[in-house]
Amino acid sequence: MKKIVDTWYGETAISWLKPFSYLFSLISTTRRKLYASGRKKVYRASVPLIVIGNISVGGTGKTPLIIYLARKLISAGYRPGIVSRGYGSKAPEYPFHVKADSPVIYSGDEALLIARNTDCPVVIDADRSEAVRSLEQHYDCNVILSDDGLQHYAMARDIEIAVVDGRRGFGNGYLIPAGPLREKPERLDEVDLIICNGTSQLNFNTPVYSMTLEPRHLCHLQSGQIFAIADIVQEMANSRVASNIDNANTESKAAKHKVHAIAGIGNPERFFSSLCDCGFDIISHVFDDHHVYTLEDISFDDDYEVIMTEKDAVKCMAFARNTDWYLRVDAVIDDAFINILLSKLHTFSIEI
């Protein structure tokens, strides 16, 4: 899979795949027109629904953005609910209601991560409309966030937010399978707002707001202890930091300069860069997005600490060791973005 992704985000495409990309474009365009014309049924929620999605395959930062939006909406007095596909989940039934303590095998990694970081009701189903119906039936929500689903046209939406990877852009510009695009870049002219993860030279006709993913804390999987990145980096100057883990007065290896960096996400290079920016000297290990980990995957023949993404961490809790940590990041966006979004929501009759 990594070789395919590398090709997608290069300057060329595998020539024999190009005809299939044209076919994909024809099918997806026809499908959208069928929904738009009413020939295929569209479900409209009873409350405003905001879709956060993208037009490309791979990680663009949707999950941190969903968490950011949920927290901001709660602060503004809203009662958000969240729906997601639940990629990789094997729930006993669907729709499945994800709780903070749900088994990751039932929920999938991203939905569980969202539930743990928002305290919002989260419902997963490959059929987003069914997830929305279940959310409406069981919870008192007055706004719904859809994690991904920009191309799920069976689900009506009131506001569309597209997330773009500023560094990788649209890759080679081809649609699946010759390239990473689900829809043509012109689709972005129709969305309400664009969030660009990182700096970009791309030009858009839709209002664009920059987002950065700021490392905040280093969290210990086994004990749950949390350390501010700034504190750890400062203590790195002394090479060692006192640890209170398990009430033992031992030296912490968490601040060692050299660490193993684990990433099974859409864009692992962003995570690796964040660790390097924090002052770590990393030995990188790349896994496929949504990889199901075993202890062997994160075990190495040395005593260096292991730092992974929070998305990976939810799948490693059951066999976490004293050497395992994850990096917690927060989305940081200009306040103008949330102000514009709230102003759009104010046009709906929402009882707060």
Open item on the list: Just to be sure before I move on: is Ile161 touching a residue at least 24 places away in the same chain (Cβ under 8 Å), within 26 Å of Glu310 (Cα to Cα), out of contact with any helix residue (DSSP H, G or I) (no Cβ under 7 Å at 6 or more places or on another chain) and buried (at least 23 other Cβ atoms within 10 Å of the Cβ) in the structure I sent?
Closed with: yes
**Q.** Residue in the stretch 59-68 that is within 23 Å of the chain's Cα centre (by Cα), among the hydroxyl-bearing types (Ser, Thr, Tyr) and surrounded by fewer than 14 Cβ atoms within 10 Å (Cβ to Cβ) present
**A.** no
Checked Val51, Val98 against criteria (under 20 Å from Ile114 (Cβ atoms), of a type in the set (Val, Ile, Thr), free of Cβ contacts under 8 Å to residues at least 60 places away in the same chain and crowded, with 17+ Cβ neighbours inside 10 Å); the one match is Val98
When the stretch 175-209 is checked residue by residue, the ones that are hydroxyl-bearing (Ser, Thr, Tyr) and modelled with pLDDT of 95 or more are Tyr209
Q) When you look at Val104, is it touching a helix residue (DSSP H, G or I) at 6+ places or on another chain (Cβ under 8 Å) and buried (at least 24 other Cβ atoms within 10 Å of the Cβ), yes or no? A) no
Note on Asp302: of the conditions (1) surrounded by fewer than 18 Cβ atoms within 10 Å (Cβ to Cβ); (2) at pLDDT 95 or above, unmet is (2)
Q: Evaluate the stretch 19-29: report whether one residue or more is hydrophobic (A, V, I, L, M, F, W, C) and in contact (Cβ under 8 Å) with a residue 24 or more places away in the chain.
A: yes
Within the stretch 173-228, residues being part of a strand (DSSP E or B), among the aromatic types (Phe, Trp, Tyr) and free of Cβ contacts under 8 Å to residues at least 60 places away in the same chain number 1
Inside the stretch 259-285, the number of residues satisfying the requirement of being at negative phi and surrounded by fewer than 17 Cβ atoms within 10 Å (Cβ to Cβ) is 7
Scanning the stretch 107-134 residue by residue, the ones that are more than 22 Å from Thr294 (Cβ to Cβ), buried (at least 21 other Cβ atoms within 10 Å of the Cβ) and of a type in the set (Asp, Glu) total 1
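The values are calculated or read from the model by the stated rules, or taken from the named source; none is laboratory data. These numbers come from a predicted model, not from an experiment. In this analysis, Cβ positions are derived from the backbone assuming ideal geometry, glycine residues included, and neighbour counts consider all displayed protein chains.
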